[in-house]
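In what follows, a single structure is set out as structure tokens and then discussed.
Values quoted throughout were computed directly from the atomic coordinates according to the rules given, and no laboratory measurement underlies them. It should be emphasised that the depicted structure is a prediction, and the values quoted were computed from it without experimental measurement. Reconstructed Cβ throughout: ideal geometry from the backbone, glycine too, with neighbour counts over all protein chains shown.
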Amino acid sequence: MADNVSGVEIQLDRVTKRYPGSREPAVKDFTMTIPAGKIVILVGPSGCGKTTTMRMINRLIEPTSGRITIGGEDALELDPDKLRRKIGYAIQQAGLFPHFTVAQNIGVVPGLLRWDTSRIRERVDELLDLVGLDPAQYRDRYPRQLSGGQQQRVGVARALAADPPVLLMDEPFGAVDPITRGNLQDELLRLQDELRKTIVFVTHDFDEAVKLGDKIAVLGDASTIQQYDTPEAILANPANDMVAGFVGAGASLKQLTLLRVRDVTYSDDALAVVAGEVTPQALRQRMIEEGRTYALVLDARRRPLRWVHVRDLTTARSLTDAGRPVGDPVSTRSTLQDALEAILAEGGNAVVTGARGEYVGTIDITTVTDTVRQLREEHLDSEGAAS
Ligand SMILES: Nc1ncnc2c1ncn2[C@@H]1O[C@H](COP(=O)(O)OP(=O)(O)OP(=O)(O)O)[C@@H](O)[C@H]1O
């Protein structure tokens with residue numbers, strides 16, 4: 001276990017919520033251990049009790065019965081305001097105060113904790129930076145002057161403000177377009193690599209659950225736990241028909257979101273040359289000698305620029321405008337699903353780049369299909385072993 005975990009374990013023991021006037025409980029006998037420093041996703045159909053379950057953890061909703069401990073402390077014994085300062089909370093559409101600036105929104109909890117002004121100011125800037133917003137540009141704006149994705153980022157920054165060990169996130173990326181949503185998910189994973197909080201995350205998007213969760217709890221009516229396991233295990237062996245329905249078609253495609261480009265063997269034997277270091281004629285000669293049809297042209301910092309076909313070089317004067325531009329590259333941290341999309345968009349090899357955007361290799365459709373085949377075989381083997 002990594003020693004930089006800042007999160008704490010949460011335990012819910014036979015927690016029940018019965019709303020006044022309702023005959024059936026909204027959450028019934030819910031028992032779960034949420035491990036320290038992990039992301040646990042609650043996923044399930046609308047109205048099954050996800051939000052109620054989550055909001056009992058910070059006591060925005062009081063349980064009717066049961067016990068909740070956070071880092072060993074009895075949450076129901078603590079003063080609710082004190083409890084909530086230790087638990088960050090981010091919700092759909094960010095829930096920012098419209099008449100507060102970005103800085104004032106992020107500074108709410110530190111203000112309640114009576115941090116001095118300069119410490120709050122520093123923390124605000126640090127957090128804006130952390131969530132990818134330039135402090136100078138954004139700290140004095142009002143929420144209405146931000147895009148939906150930027151508002152969500154500020155919402156996450158606000159939840160992290162007082163460095164709480166626990167974060168509750170209720171469909172925090174539900175209201176943004178799919179591309180922004182993908183970016184926000186990537187950023188959350190990047191942040192979590194560093195922060196190691198305990199995060200409880202509600203969504204009804206199973207793909208989001210697979211991408212983000214260390215563990216996923218698939219919930220049915222009244223928050224009954226249908227399956228609570230790693231994404232890999234749920235995709236490979238759904239516990240019952242309800243879970244299978246949630247996993248849906250294309251389970252092998254979804255498994256591609258579990259693997260990163262760095263986990264598979266991609267090729268690094270493309271002919272890659274730096275634009276200023278070789279003439280088109282010399283490159284053409286070399287390609288003919290090596291029997292290569294394509295070469296990849298890089299800029300001075302070894303970032304991919306263009307693909308050139310040997311034919312393009314007969315008349316080309318410069319490598320910076322020969323051939324065609326390289327499409328969106330994938331990084332070694334991208335999921336195989338992202339890689340597949342890039343390969344399809346390129347109509348061939350997608351270029352793989354490292355941390356500074358430099359060329360490190362290429363990936364093609366065969367690598368992806370081989371991986372899917374391998375995953376399927378491993379799954380069949382483990383089923384065979386189990387029966
Ligand atoms: N304040 C309330 N009073 C009475 N019933 C409520 C209240 N809040 C929620 N409920 C009921 O409790 C059940 C669970 O609601 P909850 O919001 O926890 O579900 P959910 O899984 O988060 O749903 P969704 O995905 O649609 O947000 C629902 O049947 C809902 O109608």
Residue that is touching a Pro at 6+ places or on another chain (Cβ under 6 Å) and surrounded by fewer than 20 Cβ atoms within 10 Å (Cβ to Cβ), where the choices are Asp205, Asp125, Asp214
Asp125
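To keep it simple, each residue is scored yes or no on (1) in contact (Cβ under 8 Å) with a residue 24 or more places away in the chain; (2) among the charged types (D, E, K, R); (3) surrounded by fewer than 19 Cβ atoms within 10 Å (Cβ to Cβ).
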position	(1), (2), (3)
Tyr294	yes, no, yes
Thr315	no, no, yes
Val326	yes, no, no
Arg333	yes, yes, yes
Ala355	yes, no, yes
Could you look through the stretch 161-202, keep only residues that are among the β-branched types (Val, Ile, Thr) and within 16 Å of the ligand (Cβ to nearest atom), and pick out the one that is surrounded by the fewest Cβ atoms within 10 Å (Cβ to Cβ)?
Val202
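Each row is one residue, and each column tells you yes or no for (1) under 19 Å from Gly49 (Cβ atoms); (2) among the β-branched types (Val, Ile, Thr); (3) within 16 Å of the ligand (Cβ to nearest atom).
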{"site": "Ala222", "(1), (2), (3)": "yes, no, yes"}
{"site": "Asp229", "(1), (2), (3)": "no, no, no"}
{"site": "Ala236", "(1), (2), (3)": "no, no, no"}
{"site": "Asp241", "(1), (2), (3)": "no, no, no"}
{"site": "Leu253", "(1), (2), (3)": "no, no, no"}
{"site": "Thr257", "(1), (2), (3)": "no, yes, no"}
{"site": "Val261", "(1), (2), (3)": "no, yes, no"}
{"site": "Val264", "(1), (2), (3)": "no, yes, no"}
Without any contact (Cβ under 8 Å) to a residue 40 or more places away in the chain and buried (at least 18 other Cβ atoms within 10 Å of the Cβ): is that true of Arg119 in this structure?
no
